[in-house]
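Chemist: Following this message is one structure expressed as structure tokens.
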Amino acid sequence: MDIEIKLSVTTLDVQHCIDWVMSPECGGIDVFIGTVRNATKGKAVLRLAFEAYEKMAIKELEKIAQQALDKWPVQKILIHHRTGVLQVGEIPVIIAVATAHRDAAFDACRYIIDTLKQTVPIWKKEIFEDGEVWVAAHP
Amino acid sequence: MDIEIKLSVTTLDVQHCIDWVMSPECGGIDVFIGTVRNATKGKAVLRLAFEAYEKMAIKELEKIAQQALDKWPVQKILIHHRTGVLQVGEIPVIIAVATAHRDAAFDACRYIIDTLKQTVPIWKKEIFEDGEVWVAAHP
Amino acid sequence: MKVNILAFGITKDIFGGPALSVDLNNDATVSNLKYLLEGQYPQLKKLSTYMVAINNEYALDGDTVHERDEIAIIPPVSGG
Amino acid sequence: MKVNILAFGITKDIFGGPALSVDLNNDATVSNLKYLLEGQYPQLKKLSTYMVAINNEYALDGDTVHERDEIAIIPPVSGG
């Protein structure tokens with residue numbers, strides 16, 4: 001199979017992701033790793049909580065991966081996304097794309113994270129010292 | 001220090017590279033991993049041999065990393081490159097870039113690998129069943 | 001007909017729980033559903049935007065809601 | 001003056017080794033050096049291109065070569 005999609009309640013494993021996409025036909029792998037920042041708009045973030053509409057999220061992630069396979073000469077695509085509570089420095093998302101030539105890897109990886117952020121039903125709550133906010137919920 | 005540059009005769013360690021660039025101020029890491037392909041222009045490759053003009057290569061890599069820091073809001077940059085003989089599937093190069101926002105990570109990482117391939121004095125020999133070729137040497 | 005609505009993220013806070021049961025006409029559209037929900041939960045109108053999903057696919061306002069459909073309210077997503 | 005020239009990649013094959021000693025005038029330029037080497041090693045002219053580095057920096061054709069400079073021939077690079 002050329003696509004691996006997973007939602008996980010436990011720590012994402014970067015090494016596994018890279019090993020999974022690596023193949024002898026490929027010359028380049030681009031990997032995007034999201035990490036939890038300690039601040040947003042200048043305000044200290046304590047942690048994040050991610051919630052997913054799991055069945056639909058998987059379906060939308062599969063669509064995005066399939067679109068990337070259709071648009072670029074890509075060998076393998078992996079998308080892992082966390083749910084649950086994440087501390088600063090933890091990894092909410094890993095996207096890994098292996099291709100024969102590197103341009104397609106960069107283009108496809110960037111397309112996947114950009115589209116994921118627009119269409120996949122996963123929600124992030126920022127938890128501050130003095131409260132919490134669902135990101136992007138309000139104008 | 002915001003930049004780590006290394007030429008290495010031993011296996012590159014992806015996990016180390018990612019751990020090194022990760023920081024609590026960063027929200028995104030883009031990693032490019034070159035891998036040895038089993039074929040070039042339809043011809044089976046047995047292995048690659050990399051040779052570097054080490055002092056100058058380090059100097060050129062530092063220039064490229066510094067240019068990327070100047071051009072984009074980038075927190076940390078790591079460039080590791082192998083020398084010596086590499087088998088199919090091994091990793092000649094890892095570039096990892098950590099930024100607060102992901103666009104800069106993609107742009108800087110791609111700039112670094114593109115420029116590395118143009119200016120850094122490192123040479124690759126492809127070894128085939130029936131001979132060997134220094135890549136790009138001849139028109 | 002009675003349909004069950006799944007809620008996520010901020011809509012879970014707005015509805016006060018992860019699911020909600022509403023009464024709809026048999027030929028109700030997504031648009032009718034939104035109108036009904038916005039009447040009961042005016043805070044929905046304060047969201048940047050929100051979508052309805054039917055059976056795990058984004059639905060259009062004119063799409064019809066059926067009794068055994070899996071219906072979900074999708075507030076602005078923010079994964080990644 | 002005698003200058004020592006480092007060779008890498010295919011130029012190591014062309015020169016038959018990793019270093020080479022050549023005799024140059026005291027005010028010789030990179031251009032003079034290239035001309036001399038291309039005379040002795042015509043295969044250099046068959047490369048896609050090649051550069052000269054002086055003290056670990058790419059040099060221009062008009063740059064002057066000094067006796068204790070570290071000089072290297074840089075055939076087309078292919079790292080990554």
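The values are calculated or read from the model by the stated rules, or taken from the named source; none is laboratory data. Only a predicted model underlies this, so the values are computations on that prediction, with no experimental measurement involved. FYI the Cβ positions are ideal-geometry reconstructions off the backbone, even for glycines, and counts take in every protein chain you see.
Chemist: Do we have any residue at all in region A:8-16 that's at pLDDT below 95 and more than 24 Å from A:THR119 (Cα to Cα)?
Modeler: No: region A:8-16 contains no residue that is at pLDDT below 95 and more than 24 Å from A:THR119 (Cα to Cα).
Chemist: Give the number of residues within region B:77-90 that are surrounded by fewer than 22 Cβ atoms within 10 Å (Cβ to Cβ) and either farther than 23 Å from B:GLU51 by Cα or in contact with a strand residue (DSSP E or B) (Cβ under 9 Å, 6 or more places away or on another chain) (or both).
Modeler: Number of matching residues: 7.
Chemist: Name the residues in region A:28-39 that are more than 14 Å from chain C (Cβ to nearest Cβ), under 19 Å from the mean Cα position of the chain (by Cα) and surrounded by fewer than 22 Cβ atoms within 10 Å (Cβ to Cβ), would you?
Modeler: Within region A:28-39, A:ASN38 is the sole residue that qualifies.
Chemist: If you don't mind, another one. For C:GLY9, only one of the following conditions fails: (1) of a type in the set (Gly, Ala, Ser); (2) out of contact with any Asp or Glu (no Cβ under 7 Å at 6 or more places or on another chain); (3) surrounded by 18 or more Cβ atoms within 10 Å (Cβ to Cβ); (4) within 30 Å of A:ILE94 (Cβ to Cβ). What is its number?
Modeler: The one condition C:GLY9 does not meet is (2).
Chemist: Okay, next question. Within region B:15-27, can you find the residues that are at the interface with chain A (Cβ under 7 Å from one of its Cβ atoms) and touching a residue at least 12 places away in the same chain (Cβ under 8 Å)?
Modeler: B:ILE18, B:MET22, B:GLU25, B:CYS26, B:GLY27
Chemist: While we're here: Considering only region D:54-80, state which residues are among the small types (Gly, Ala, Ser), in contact with a Pro (Cβ under 9 Å, 6 or more places away or on another chain) and in a loop (DSSP other than H, G, I, E, B).
Modeler: Residues satisfying the conditions are D:GLY79, D:GLY80.
Chemist: Let me ask you something else. Among the residues of region B:56-115, how many are away from chain D (no Cβ under 14 Å) and without any contact (Cβ under 8 Å) to a residue 24 or more places away in the chain?
Modeler: Total satisfying the criteria: 2.
Chemist: Also, I was wondering about something else. Please go through region C:12-51 and pick out each residue that is in contact (Cβ under 8 Å) with a residue 12 or more places away in the chain and in contact with an Asp or Glu (Cβ under 7 Å, 6 or more places away or on another chain).
Modeler: Answer for region C:12-51, where residues must be in contact (Cβ under 8 Å) with a residue 12 or more places away in the chain and in contact with an Asp or Glu (Cβ under 7 Å, 6 or more places away or on another chain): C:THR29, C:VAL30, C:SER31, C:LEU44.
Chemist: Show the residue pairs that are 6+ apart or on different chains and have beta-carbon atoms under 6 Å apart, the first residue being within region D:52-67 and at pLDDT 95 or above, the second being among the hydroxyl-bearing types (Ser, Thr, Tyr).
Modeler: D:ASP61/D:SER31; D:GLY62/D:THR29; D:THR64/D:THR29
Chemist: Out of B:ALA98, B:ALA105, B:ALA57, B:ALA68, I need the residue that is part of a strand (DSSP E or B) and modelled with pLDDT of 95 or more. Which one?
Modeler: Only one candidate passes the filter, namely B:ALA98.
For every residue, the table says whether it meets (1) touching a helix residue (DSSP H, G or I) at 6+ places or on another chain (Cβ under 6 Å); (2) outside any strand (DSSP E or B); (3) not β-branched (Val, Ile, Thr).
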position	(1), (2), (3)
D:LYS12	no, yes, yes
D:ASN25	no, yes, yes
D:GLU38	yes, yes, yes
D:LEU44	yes, yes, yes
D:VAL52	yes, no, no
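Chemist: For region B:108-118, which residues satisfy the criterion of being crowded, with 19+ Cβ neighbours inside 10 Å and closer than 26 Å to D:ASN55 by Cβ?
Modeler: B:ILE112, B:LEU116, listed by residue number.
Chemist: Could you tell me whether region A:40-50 includes any residue that is more than 8 Å from every other protein chain (Cβ to nearest Cβ), crowded, with 22+ Cβ neighbours inside 10 Å and in a strand (DSSP E or B)?
Modeler: Yes, the conditions are met somewhere in region A:40-50.
Each row is one residue, and each column tells you yes or no for (1) surrounded by fewer than 15 Cβ atoms within 10 Å (Cβ to Cβ); (2) in contact with a strand residue (DSSP E or B) (Cβ under 7 Å, 6 or more places away or on another chain); (3) among the hydrophobic types (A, V, I, L, M, F, W, C).
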| site | (1), (2), (3) |
| --- | --- |
| B:ASP2 | yes, yes, no |
| B:CYS17 | no, yes, yes |
| B:CYS26 | no, yes, yes |
| B:ALA52 | no, yes, yes |
| B:ALA96 | no, yes, yes |
| B:ARG102 | no, yes, no |
| B:PHE106 | no, yes, yes |
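Chemist: Another one. Mind listing just one residue for me: the one in region A:59-71 that is out of contact with any Ser or Thr (no Cβ under 6 Å at 6 or more places or on another chain) and buried (at least 19 other Cβ atoms within 10 Å of the Cβ) and, of those, nearest to A:ASN38 (Cα to Cα)?
Modeler: Out of the qualifying residues, it is A:LEU61.
Chemist: Taking region D:63-80 on its own, how many of its residues are polar (S, T, N, Q) and within 13 Å of chain B (Cβ to nearest Cβ)?
Modeler: Matching residues across region D:63-80 total 1.
Chemist: Looking at region A:120-134 only, could you name the residues that are surrounded by fewer than 18 Cβ atoms within 10 Å (Cβ to Cβ) and in contact with a strand residue (DSSP E or B) (Cβ under 8 Å, 6 or more places away or on another chain)?
Modeler: A:ILE127, A:PHE128, A:GLU129, A:GLU132, A:VAL133
Chemist: May I ask you to list the residues in region B:1-34 that are polar (S, T, N, Q) and under 26 Å from A:SER23 (Cβ atoms)?
Modeler: B:SER8, B:THR10, B:THR11, B:GLN15
Chemist: Please enumerate the residues belonging to region D:25-37 that are over 10 Å from the mean Cα position of the chain (by Cα), surrounded by 18 or more Cβ atoms within 10 Å (Cβ to Cβ) and over 21 Å from B:MET56 (Cα atoms).
Modeler: Within region D:25-37, D:ALA28 is the sole residue that qualifies.
Chemist: Looking at region B:124-135, I want the residues that are facing chain D (nearest Cβ under 10 Å) and have a partner that is among the small types (Gly, Ala, Ser) and crowded, with 17+ Cβ neighbours inside 10 Å with Cβ atoms under 6 Å, at least 6 apart or on another chain. Which pairs are those?
Modeler: Filtered contacts from region B:124-135: B:LYS124/D:SER78; B:TRP134/D:GLY9; B:VAL135/D:SER78.
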